[in-house]
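Chemist: One structure is given below, represented as structure tokens, and several questions about it will come after.
The values are calculated or read from the model by the stated rules, or taken from the named source; none is laboratory data. Quick caveat: nothing in here was measured; it's all calculated off a predicted structure. Here the Cβ positions follow ideal geometry from the backbone for every residue, glycine too, while neighbour counts run over all protein chains shown. Heads up: the accessible areas ignore ligands, DNA and RNA and are worked out on the full protein's heavy atoms, side chains in. Shrake-Rupley method; radii C 1.70, N 1.55, O 1.52, S 1.80 Å.
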Amino acid sequence: MDISLIAALMFLCMFALLAVGLPVAFCLGATGVIFALAFSPRSLPVLASGFFGTPYVEIILTLPMFVLMGNLIRYSGIAEAAYDMAYKLIGGLGGGLAMGTTVICTLFAAITGIIPPATMTMGMIAVPSMLKHGYDKLMAVGSVAAGGALADLIPPSGGMIFYALLAKESVGKLFMGGVMPGLLLATLYMVYIGIRCKLQPHLGPPIPPEEKVPWGERILSIYAIWPFLVLIFLVLGIIYMGVATPPEAACFGAAGACLINAIYRKLTRQVLKDALSTTVDLSVMGLWILIGAYFFVNIFSALGCRELVATAVTGIPGGKWAAIAMMLGIVLILGCVMDDWAIITLVTPLYTPIVVALGFSKLWFGIILIMTIQTAFLTPPFGWVLFCLKSVLPKEITMGDVYRSVIPFVLLQLVGLTLVIIFPQIGLWLPGTMK
Amino acid sequence: AKPAPAPAPAPAPEEPEVTKWVFQPAFGPEDAGWGCGVVPWIEDVEAATKGTIEIELLPLGSICSDPEALPMTIKGVLDLTAGWATNYGGDLPEGHLAYGQSFTSQTWEEHWDILWGDKYRAGELVQEACHEKGIHWVGWCSQGWNSSYGNFEVHKWEDYQGKKMYAGGPQSVYLEAMGGNPVVMPPTEIYMSIKTGILDGTFWDVGGTDDMKYYEVVDNYFLPPWCGSQNQEIFINLDTWNALEQWQRDAISGIFQSNYAKASTMHDELVGEAIQTAKDNGCKVIEMSEAEQARTLERVKELVWPETRELSPRCDEGMDIYMQWMKDHGRL
Amino acid sequence: MKVWNKLGQAVDLANEWMGRLAWALILFLMCFGVYDVIRRYIFNAPTVWGYVVLKMGLVALAAIGGGYALKRGSFVRVDILYARWSRRGKAIADIATFAFVALFCVIGIWYGIDMAHFAITTGQVTANVEQFPMGPVKSLIPLGIFLVLLVVVKTFVSDIRVVFHRRENKSLISHK
Ligand code: NA
Ligand code: NA
């Protein structure tokens, strides 16, 4: 059978299984098994060896550790304290609460490597508060959604871990490379919210004067963010200062989250139980997706389809920039229907040889790939942020509202992406300055 | 001007049956062992077997991860793999004999002599072990010196004491013997870790320091290398090997030595270039005095070589051959 | 029916216990990672085997946690259509895909046993100096996939019951 036909059938089979609701990890793995049985039975032992070889990597440790950290910190109450600070500090500005939400999501992003903690917590705290203060529901929901998606771009980041692993790139460098683009996006969101609420004050009215607090109290409220700073130091600071490698720093982050919960008297049996079970759920699910996707790619390669992708991408007219655009375009499309970890695992082994052959830096490509993947969280029908958010929002907000609320933010993400492509230094500057 | 008419095609000989092999090394195309090791070997094999064998070379991870490459070759999922004893040593301890030993051979010619020279033939032991496992040792190249680099100075072996350096497998045995503290981490994190100070330095093959850009983060390159000739091996699944016709096996065995010389020479050039790059970027190359080298050798004799002997009975026997060679060459 | 229910409970219980082991494993990995850094940074005594312990722990986590996470409905799926279907519709979809998942598991178990057997009989060890045996951790892989298969079969049986006994619609597996 023609190789390009086999490649097409493989993806078709996987998408068909996805469509009928089979878990993503099984869609990838089962498709691999079927095509191996049909066309390359001798490759079957790779499935078992993948269950060993795929998680047998130190970097993978960052996954359960950052997940645990995020799941613990959700219960600590530090998000509520930080939101209270934002409320006191900038609630008086038009769109102030939405801008404050973006700031807190950014802080949250710097201490979690996955989407749910920031998105769900802020969805529970910030959205009802903004609605109560007369914010437009699309503005309220959109700001949380966009902020929640930052979790994967601002380090630590699950997506970056998977990319680094498969592209043989330094996780430490990628983490540092995500900082500036993440702050750039956060700034774009805030500027947009500010301008929009200036022009259309009904979208985000300032809190009424009688609710305003005196300046002294406002300054004092900044104290509430200390746990964020401690955790950011534990995770990024010790990597930057040369105490620990990223997987080790992740262990420190998780241990630090335990301590902070203990200080806030929130390290109860129940919290620990909830956090651990959710951590096992999410990290094992992630590992199985990684194993399934890796096996899919292994079989794809064993059948000789890898060349096909390279030829297709490098052969398109318009040179290397067209090739980059095509690779990212495919990611954007996959992002509508697939999980971010699955996409990264699928495309990284196929893309990185092309990226190197075109003369681009793997680090830079990793950053723009993650920025592209970030939109996948917000684009319907499949998007982590959308699911997490919908599960905690008040009933009167429909999925349709959520979809509409993210449109301006998806456009802003694409603006940010374009900026980093045009000015690679936004991403590459910080990793270059380390010590 | 009109193009000259194309010459009439020669009558096609009967199409020989083409055997297709899948080759996935335990390292990626970014390693010098790719372009100067496996690629020239494939070219030589395909030429020697007159187009009857076609080899598809896949990047690491295409079929399996690096620790699984040798087991997958034994199982026949891969036809061929390549790597160092440092990454497959758990499956084939005798690979350490082929890989190289501390303070023994200093050039690839010397290393050839220990493994396949008429008088020594330690390679037979490696090949026996391979056949027991279900593979055949089919290709080889020396990547030259494997040395160490750091932000401190080494003039005598004691200077390694208390230093945290990346060192895996035999490197860590050597570093521990010198009183240093080996650290293992993902190779992608070494550069950053030296830069930030988690590590004081690292071990690596000299030719590869160029690609890893270690000269940007260390002050000094240390000589002599702890291993004068680091070698990379190519293995083929035994059934795949036995399925060939005799003339094909002879043809492939026939290029073993010439290809070793060719690929090793290519690597020697890389070593020279890497040292030059380091110097051009302000790194100092520090060489131990002869007297200090002799003291280090004593230490190696006492603490490093016995570790190889303990890996297996064949390794023990192999080390006897190494020692015989050392005596014959006045090195002991 | 009663036998099935009992078997179903046994499957749940086994996975629940594996889940507890996975919790402990996560806490262990956290503490071990911190310990390894302290050893290296404060006592200047790094280990060359610490990373092997961590990596083996990760393999074990992926293996033993699979059935637990699946049982709790945590394997993410693209529920564009799926979420809108009735319990019965979902059951029919699950039945349709059962063969695919079962095949995946059976192949995984088959070659997993083969891999573990190979590791044990050939005395496969890690390539580092300490040479830890690979047999034990590789044996966990077929076991872990088997636990996943049990959950899949259990769900399949309850799906069949949902489809054919329309009145019974007690969900035996929670969907996220
Ligand atoms: Na993050
Ligand atoms: Na999406």
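Chemist: Can you run phi through the Karplus equation (6.51, -1.76, 1.60; θ = phi - 60°) for segment A:341-349 and list ³J(HN,Hα) in whole Hz, with x for Gly and Pro?
Modeler: These are the phi-based 3J(HN,Hα) values: 5, 5, 4, 4, 5, 6, 8, 4, x Hz.
Chemist: Also: Give me D for the protein assembly as shown in µm² s⁻¹, whole number, from Stokes-Einstein with Rh from the Kirkwood sum over alpha-carbon pairs, 25 °C and 0.890 mPa s.
Modeler: After rounding, the answer is 83 µm²/s.
Chemist: Run the quick spin-label model on A:ILE422 and B:GLN161: label points 7 Å from Cα toward the beta carbon, then report their separation in nm to one decimal.
Modeler: It is 6.0 nm.
Chemist: Residue separation times 0.36 nm, minus the C-alpha to C-alpha distance between B:GLU109 and B:GLU269: what's the value?
Modeler: Stretched fully, the B:GLU109-B:GLU269 segment lengthens by 56.1 nm.
Chemist: Kindly report the accessible area of segment A:75-176 per residue (heavy atoms of protein chains, probe 1.4 Å, no ligands, DNA or RNA), in Å².
Modeler: For segment A:75-176, the solvent-accessible area averages 18 Å² per residue.
Chemist: How big is the C/A interface in buried accessible area, both sides summed, 1.4 Å probe, to the nearest 100 Å²?
Modeler: 5400
Chemist: Here's another thing I want to ask about it. Using a Cα-Cα cut-off of under 25 Å, which lysines could be cross-linked to B:LYS50, ignoring same-chain neighbours fewer than 8 residues away?
Modeler: B:LYS20, B:LYS262
Chemist: Do any residues of segment A:246-267 lose at least 10 Å² of accessible area when the full set of protein chains is present rather than just their chain alone, and if so which, with a 1.4 Å probe?
Modeler: In segment A:246-267, residues shielded by partner chains: A:PRO246, A:GLU248, A:CYS251, A:PHE252, A:ALA255, A:CYS258.
Chemist: So, for chain B, what is the accessible surface per residue at a probe of 1.4 Å, expressed in square angstrom?
Modeler: 38
Chemist: Ignore the peptide's own chain and count Cβ atoms of other chains within 10 Å of each Cβ in B:254-261; give me the average, rounded. All intermediate terms of the calculation are to be shown ahead of the outcome.
Modeler: Working: counts 0, 0, 0, 0, 0, 0, 0, 0.
Average per residue, whole number: 0.
Chemist: Let me ask something additional. Return a whole-number percent for the relative contact order of chain A, with Cα pairs under 8 Å and 6 or more residues apart as the contact set.
Modeler: For chain A, the relative contact order is 26 percent.
Chemist: Helix-derived [θ] at 222 nm for chain C: sum -39500 (n - 2.57) over DSSP H runs of at least 4, divide by residue count, nearest 500?
Modeler: Mean residue ellipticity at 222 nm (helix-derived): -26000 deg cm²/dmol.
Chemist: Say the dipole of segment C:2-165 comes from +1 at the beta carbon of Lys and Arg and -1 at that of Asp and Glu; which of C:PHE156, C:LEU21, C:MET56 then lies farthest toward its positive end?
Modeler: With unit charges placed on the Cβ atoms, the residue in question is C:PHE156.
Chemist: For segment A:229-246 and segment A:117-173, what is the centre-to-centre distance using only Cα atoms, to the nearest Å?
Modeler: Centre-to-centre distance over Cα atoms comes out at 21 Å.
Chemist: A further question on this structure: Among B:25-32, B:167-174, B:124-131, what's the highest-first ranking by average C-beta atoms within 10 angstrom per residue? Display every interim value, and only then the final one.
Modeler: Values: B:25-32: 20.9, B:167-174: 24.6, B:124-131: 18.5.
Ranking, from highest mean packing down: B:167-174, B:25-32, B:124-131.
Chemist: Using a 1.4 angstrom probe, figure out how much accessible area chain C has per residue, in square angstrom, rounded to the nearest whole.
Modeler: In whole numbers, chain C has 47 Å² accessible per residue.
Chemist: Beyond a 28 Å Cα-Cα separation, which of these cross-linked pairs lie in this structure: B:LYS133/C:LYS55; A:LYS173/B:LYS75; C:LYS6/C:LYS90; B:LYS75/C:LYS71?
Modeler: Over 28 Å Cα-Cα: A:LYS173/B:LYS75; B:LYS75/C:LYS71.
Chemist: Comparing the chain by itself with all protein chains present, which residues of segment C:30-46 are at least 20 Å² less accessible (probe 1.4 Å)?
Modeler: Residues of segment C:30-46 that lose at least 20 Å² of accessible area once the other chains are added: C:MET30, C:GLY33, C:VAL34, C:VAL37, C:ARG40, C:TYR41, C:ASN44, C:PRO46.
Chemist: Pull out a ≥ b ≥ c, the square roots of the eigenvalues of the alpha-carbon gyration tensor of segment C:2-165, then state rounded if a/c is under 1.5, prolate if not and a/b is larger than b/c, and oblate in the remaining case. Write down the numbers at each step before the final one.
Modeler: Numbers: a/c = 2.80, a/b = 1.99, b/c = 1.41.
Prolate, because a/c is 1.5 or more and a/b exceeds b/c.
Chemist: For an R0 of 25 angstrom, estimate the FRET efficiency from the Cβ-Cβ distance between B:ASN242 and A:LEU5 and round to the nearest 0.05.
Modeler: So the FRET efficiency works out to roughly 0.15.
Chemist: Moving to a separate point now. What does the buried accessible surface come to for A and B, summed over both chains, with the probe at 1.4 Å? Round to 100 Å².
Modeler: In total, this chain pair buries about 2400 Å².
Chemist: Helix by helix, which DSSP H runs in chain B go 30 Å or more along their axis at the Cα atoms and have an average Kyte-Doolittle hydropathy of -1.0 or more?
Modeler: Those that pass (Cα extent of 30 Å or more, hydropathy at least -1.0) are B:256-280.
Chemist: Quick check: the angle from helix C:87-121's long axis to the longest principal axis of chain C, C-alpha only, nearest 10 degrees?
Modeler: Between helix and principal axis, roughly 30 degrees.
Chemist: Roughly how large is the B-C contact in terms of buried accessible area, totalled over both chains, probe 1.4 Å, nearest 100 Å²? Write out the running numbers ahead of the final one.
Modeler: Numbers: alone 14760 and 11720 Å², together 24800 Å².
That pair hides around 1700 Å² of surface in total.
Chemist: Kindly report, to the nearest 10 Å², the accessible surface of A:MET1 as traced by a 1.4 Å probe over protein heavy atoms only.
Modeler: About 140 Å², rounded to the nearest 10.
Chemist: Quick query: amide H of B:MET178 versus all other amide H atoms, modeled in the peptide plane; which residues come in under 5 Å with a sequence gap of 5 or more or a different chain?
Modeler: Here nothing satisfies the definition.
Chemist: Now for a different question. Using mean Cβ contacts within 10 Å as the protection proxy, how do A:200-212, B:257-269 order, highest first?
Modeler: Ranked from most to least packed, the peptides come out as B:257-269, A:200-212.
Chemist: Taking all protein chains in place and a 1.4 Å probe, what share, in percent, of the accessible surface of the protein assembly as shown do carbon and sulfur account for?
Modeler: 63
Chemist: May I pose another question? Between A:VAL271 and B:GLU153, what FRET efficiency comes out of the Förster formula 1/(1 + (r/R0)^6) with R0 = 56 Å and r the beta carbon distance, rounded to 0.05?
Modeler: Details: r = 52 Å, r/R0 = 0.93.
Result of the calculation: an efficiency of 0.60.
Chemist: Please give every one of the aspartates and glutamates within straight-line cross-link reach of C:LYS138, meaning a C-alpha to C-alpha distance under 20 Å, and leave out same-chain neighbours fewer than 8 residues apart.
Modeler: Filter leaves A:GLU58, B:ASP66, B:GLU68, B:ASP91, C:ASP114, C:GLU130.
Chemist: Give the Rg (one decimal place) followed by the Dmax (whole number) of segment B:95-210, computed from C-alpha coordinates and expressed in Å.
Modeler: Reported Rg and Dmax, both Å: 16.6, 50.
Chemist: In addition: If you put +1 on each Lys and Arg Cβ and -1 on each Asp and Glu Cβ, how big is the dipole of the protein assembly as shown around its Cα centre, in Debye rounded to 20?
Modeler: Working: 65 positive and 79 negative charges, 1071 e Å.
My answer is approximately 5140 debye.
Chemist: Applying a 10 Å radius around every beta-carbon, put A:52-62, A:414-424 in order of their mean neighbour count, most first.
Modeler: Descending packing order for the listed peptides: A:52-62, A:414-424.
Chemist: Okay, next question. Excluding residues on the same chain fewer than 8 positions from A:LYS320, give the lysines whose Cα lies under 17 Å from its Cα.
Modeler: Qualifying lysines at Cα under 17 Å: A:LYS362.
Chemist: May I ask you to rank B:ASP280, B:ASP113 by accessible area, largest first, using a 1.4 Å probe over the protein chains only?
Modeler: B:ASP280, B:ASP113
Chemist: Give me the residues in segment A:40-56 whose solvent-accessible area, probe 1.4 Å, is reduced by at least 20 Å² once all protein chains are included instead of the chain isolated.
Modeler: Checking the loss per residue gives A:ARG42, A:LEU44, A:PRO45, A:VAL46, A:LEU47, A:ALA48, A:SER49, A:PHE51, A:PHE52, A:GLY53, A:PRO55, A:TYR56.
Chemist: Which far-off residues, 5 or more places away or on another chain, put their amide H under 5 Å from the one on A:ALA110, with H placed in the peptide plane?
Modeler: Under 5 Å from the amide H of A:ALA110: no residue qualifies.
Chemist: In segment C:81-146, if the dipole is taken from +1 on Lys/Arg beta carbons and -1 on Asp/Glu beta carbons about the Cα centre, which of C:ALA119, C:ALA99, C:LEU143 is farthest to the positive end?
Modeler: Working it through, the farthest residue towards the positive pole turns out to be C:ALA99.
Chemist: In segment C:6-30, which residues have a backbone nitrogen under 20 Å from the label point lying 7 Å from C:ILE95's Cα in the Cα-to-Cβ direction?
Modeler: C:8
Chemist: On full extension of the chain, what length is gained from A:ALA322 through A:LYS132, given 0.36 nm per residue of separation minus the C-alpha to C-alpha distance?
Modeler: Full-extension gain reported as 63.7 nm.
Chemist: Another question, then. Debye calculation, C-alpha points only, no solvent: report log10 I(q)/I(0) for segment B:72-129 at q = 0.14, 0.16, 0.24, 0.26 Å⁻¹, in the same order as the q values.
Modeler: -0.44, -0.56, -1.03, -1.12
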